[in-house]
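Engineer: Let me give you the structure first, and then I'll get to my questions.
The values are calculated or read from the model by the stated rules, or taken from the named source; none is laboratory data. Small disclaimer: the values here were computed from a predicted structure and weren't measured. Neighbour counts run over all protein chains shown; Cβ positions are idealised from the backbone, glycine included. These accessible areas exclude ligands, DNA and RNA; they are computed on the full protein's heavy atoms, side chains included. Shrake-Rupley method; radii C 1.70, N 1.55, O 1.52, S 1.80 Å.
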Amino acid sequence: MSSTKNPEIVITNGMVIPMVRDHEWLTGDVSVSNGRIASVGGGAEKVGRDTLTLDARGAAVVPGFVQAHVHVVQSLLRHQADGLELLDWLRRRTWPYEAALDGDGVEAAAELGIAELLCGGTTTALDFGTTHDHGRVFEVAQRLGIRLVSGKTHMDMGEEVPAGLLEDPERSLADAEALGEKWHGAAGGRLRYAVAPRFALSCSPGLLEGCAALARQNRWLLQTHACENRMEVEAVRRATGLDTIDYLAERGLVGPDVVLAHGVHLHPHEVRLLAESGTTICHCPGANLKLGSGIADVPGLFGAGIRVALGADGPPCNNRLSVFHEMSLAGTLPGLREGPAALGAWTVLAMATRMGAAALHLETEIGTLEEGKAADIVVVDMDEWSMLPGGDPASRIVFGGSAQMVRHVVVAGRPVVVDGRLVTGDPDDLRQRIAEAWEATRQRMELTS
């Protein structure tokens, strides 16, 4: 698997779910050539001597899953920040951790997060970094093979923010511009840049406006957090005199190029503003539940005409990066308000595939299995106990699936997971570096606490 040239691939004998339209699947093969899908369905016409065959018997073949909000750089803090609501979680654990990270820690955290994403079937992620060493995240993404849209975070103010995270706005924007110039379009277009101001409480008005201008000058995506927690929403109103979405709109942070994570606590007029501007909401049910933030009204957002994608958010507030966990929650939580038919399995599966791709402006490249598209493909075992005895395939994946059922993963025509094992990095070496980096980071956190 170490060759720089992607092999010809045929994925055989699977239940192929293209996700072009809901409720459609077939039995057959998917073939890959030069990093792109060459055929979908039927049998492979010819398998050459150098063709890699991936067995999908007893499995579903689906588009690579897309998560529209993750923080891989927070991965070393997993299981170390439980029992806190959002603002305390940031001030007492997450910000001190990010301030304590050095470059090696950023790299090891990215290795942990990206390895977990890939092995769990997530082939594309919109990622949110910290303020420093973000080039190390892109280096890991380039090496391990994920499709990543990512950016360093921006923050120049806030209560109890460690001094090491407070930035000079001009320098922060210049650093982002340099990162974007280097990495946007790298790895054959697999890596892209997105501008990432932390949230309204950590960015001055000028910094928010500068982020919006930088993104639009370069046609990069723009991402931030909004309306996650009631205390956060109240704090934004006290600080600005405006509701959060109104304030972000004034600073240029709504539009079809904007992904807002969460959207749990929205006033009706804010929902209308998001719909009219074409802004995407990324639903993060696992993190919203664990931090006690609330439950986003996803059926209501869809009803208003808002695109909604899925994301696991950060490892310290979930505590996993499993798209299966998010799909299951997304499909069940709306039942508390709207009844058990509020959000069907096919809609949820679309949120994790073609809707996520559209949120990242990648719908012409990924999100469905179609000839000519980039070969981002996941094979999910359908013979595990919770998948049996059968039934609607979307229901089986959304409500019965787990990350441990991922058999094979291909990104841009490159096998990255084969028979459940990461093949683009040595798992034992990764685990050793991750353990060493967390220990060093933990010690620095203790010194500054």
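Engineer: Which numbered condition trips up G158, out of (1) open to solvent by less than 10 Å² (accessible area, probe 1.4 Å); (2) in contact with a helix residue (DSSP H, G or I) (Cβ under 6 Å, 6 or more places away or on another chain); (3) under 30 Å from Q217 (Cβ atoms)?
Structural biologist: (1)
Engineer: Being of a type outside the set (A, V, I, L, M, F, W, C) and either open to solvent by less than 10 Å² (accessible area, probe 1.4 Å) or within 23 Å of T124 (Cβ to Cβ) (or both) is the requirement here; does G391 meet it?
Structural biologist: No, not satisfied.
Engineer: Among the numbered criteria (1) open to solvent by 50 Å² or more (accessible area, probe 1.4 Å); (2) among the acidic types (D, E); (3) part of a helix (DSSP H, G or I), which one does E232 miss?
Structural biologist: (1)
Engineer: Would you mention how many residues in segment 335-370 are touching a residue at least 24 places away in the same chain (Cβ under 8 Å), outside any loop (DSSP other than H, G, I, E, B) and more than 14 Å from the chain's Cα centre (by Cα)?
Structural biologist: Result for segment 335-370: 9.
Engineer: Which one of these does L329 not meet: (1) at pLDDT 95 or above; (2) open to solvent by 10 Å² or more (accessible area, probe 1.4 Å); (3) at negative phi; (4) not in a helix (DSSP H, G or I)?
Structural biologist: (4)
Engineer: I would also like to ask the following. If we only count strands (runs of 3 or more DSSP E) wholly inside segment 12-128, which ones have 3 or more residues that are without any contact (Cβ under 8 Å) to a residue 60 or more places away in the chain and over 18 Å from A437 (Cβ atoms)?
Structural biologist: Here the list reads 26-33.
Engineer: Looking at T122, T94, which is the one that is among the β-branched types (V, I, T), more than 30 Å from G14 (Cα to Cα), under 19 Å from the mean Cα position of the chain (by Cα) and open to solvent by less than 10 Å² (accessible area, probe 1.4 Å)?
Structural biologist: Within the list T122, T94, the selection yields T94.
Engineer: For F324, only one of the following conditions fails: (1) within 18 Å of V406 (Cα to Cα); (2) under 12 Å from the mean Cα position of the chain (by Cα). What is its number?
Structural biologist: (2)
Yes/no per residue for (1) touching a strand residue (DSSP E or B) at 6+ places or on another chain (Cβ under 7 Å); (2) in contact (Cβ under 8 Å) with a residue 24 or more places away in the chain; (3) open to solvent by less than 50 Å² (accessible area, probe 1.4 Å):
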{"residue": "V379", "(1), (2), (3)": "yes, yes, yes"}
{"residue": "D383", "(1), (2), (3)": "no, yes, no"}
{"residue": "S395", "(1), (2), (3)": "no, yes, yes"}
{"residue": "V406", "(1), (2), (3)": "yes, yes, yes"}
{"residue": "A412", "(1), (2), (3)": "yes, yes, yes"}
{"residue": "T424", "(1), (2), (3)": "yes, yes, yes"}
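Engineer: Can you find even one residue in segment 43-65 that is touching a Pro at 6+ places or on another chain (Cβ under 7 Å), under 30 Å from T441 (Cα atoms) and at pLDDT 95 or above?
Structural biologist: Checked against the condition, which is being touching a Pro at 6+ places or on another chain (Cβ under 7 Å), under 30 Å from T441 (Cα atoms) and at pLDDT 95 or above, segment 43-65 yields no hits at all.
Engineer: Just one of (1) closer than 18 Å to Q74 by Cα; (2) among the small types (G, A, S); (3) open to solvent by less than 30 Å² (accessible area, probe 1.4 Å); (4) part of a helix (DSSP H, G or I) trips up G164, so point out which.
Structural biologist: (3)
Engineer: Here are the criteria: (1) out of contact with any strand residue (DSSP E or B) (no Cβ under 8 Å at 6 or more places or on another chain); (2) surrounded by 18 or more Cβ atoms within 10 Å (Cβ to Cβ); (3) under 30 Å from R216 (Cα atoms). Tell me which single one I306 does not satisfy.
Structural biologist: Only one criterion is unmet by I306, namely (1).
Engineer: Residue check: is Q404 more than 23 Å from M19 (Cβ to Cβ), of a type in the set (S, T, N, Q) and assigned to a helix (DSSP H, G or I)?
Structural biologist: no
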